[in-house]
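Please read the structure below before turning to the comments.
All of the numbers you see were taken from the coordinates with simple rules; none came from a lab. Note that the structure is a prediction, hence the values are computed from the model and not measured. Note that each Cβ is placed from the backbone with ideal geometry, even for glycine, and that neighbours are counted across all protein chains shown.
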Amino acid sequence: MKVFLPAIMFCLFAQFSFAQDQTVKGLKDESAKTIKKDEKDTANITWRKGGLYSLNLAQGSLSNWAAGGDEFSLSVTSYLNLFSFYKKDRHSWDNTLDFSFGYLKTTSLGARKNDDRLDFLSKYGYSIAKHWNLSALFNFRSQLARGYTYPANVRTFSSAFLSPAYVLLSLGVDYKPGPNFSFFISPVTSRWIIVKNDSLSAKGLYGVKPGEHSAEEFGAFASANYIKDINKSVQYRGRLDLFSNYKHNPQNVDLFMTNVFSVKLSKLLAATWNIDLIYDDDVRLFGKNAHSPALQIKSLIGVGLQAKF
């Protein structure tokens, strides 16, 4: 799989955003500020915590509608991001949790999910030079609810909690030229693929041998993270992960990329666009004959409530 196009997209986003107002500071930049307790006592902030939650809802009903359409439709999408950043002396510890879930129900299609992602990332760093850290990274990614694909309108069970799940542990160096961007790279990374469900395991899906519930991979890993307030109303948040398995087809690089654009419309109202790209050489559910991998694309656009805390 050639990953040049998604990587170029990510770089273009970064180039465009860096050219904007450089005075906008990210969340991590505030971790060095001091809180004034009283006139005689100040303390350096070592933790910065917060989050964001958005909820989008759409509903429609038709009765004797000549133009046609579903009699009833309901769509709900939600997104939760929690963060906790630590910085003191040479030590830093960044933690983020992302959870998104979408639900769709129509008269003709019935009920099904259209989004489901649970993603926890933790990264510890020790400064060795300006902008450079020795770092250890841990990542867990899965979903919560049972998922299905619908080839030829036939419902086929394809996923569940911990089926699959990806656990990644990596040691490397982290480059942080500023509070908005970081680039982590490692030549020594272990990744475990878990398929807990017996029926999915029996099919040998997601790179796990038939009948087994896990597989271990060892390879190289790179991760780029970027957060930017383009202006007072528009924010971009992106992440690109690349993994090459030394043990099997190292030239077929696995890709995970997530992009979130948020446009603030009012104090509690915002428009969001989320686009995710995934390529996994071991996921062979979507080809014409279900024997070849394919680039997975998810795009969700919504307008609804958004709250920061």
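Here are the numbers for the structure shown:
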quantity	calculated
Within-11-Å neighbourhood charge of residue 308 [Cβ basis; K, R +1; D, E -1]	+2
Tensor-based shape of the range 152-309 (alpha-carbon gyration tensor, a/c under 1.5 rounded, otherwise prolate or oblate)	oblate
Protection proxy ranking of 253-262, 76-85 - average other beta-carbon atoms within 10 Å, highest first	253-262, 76-85
Packing-based order for 46-55, 218-227, using average beta carbon neighbours within 10 Å, highest first	218-227, 46-55
Linear extension gain, residue 251 paired with residue 145, 0.36 nm per residue minus alpha-carbon span	34.9 nm
Using θ = phi - 60° and Karplus 6.51 cos²θ - 1.76 cosθ + 1.60, couplings along the range 170-175 (whole Hz; Gly, Pro as x)	9, 10, x, 10, 10, 9
For peptides 162-174, 96-108, sequence by mean Cβ density within 10 Å, most packed first	162-174, 96-108
Amide hydrogen neighbours beyond the local backbone of residue 160, cut-off 5 Å, H modeled	147
Residues whose placed amide H lies under 5 Å from that of residue 182, excluding near-sequence neighbours	225
Distant-in-sequence amide H partners of residue 269 (H built 1.01 Å from N, under 5 Å)	306
For the range 108-196: rounded, prolate or oblate by the Cα gyration tensor [a/c cutoff 1.5]	prolate
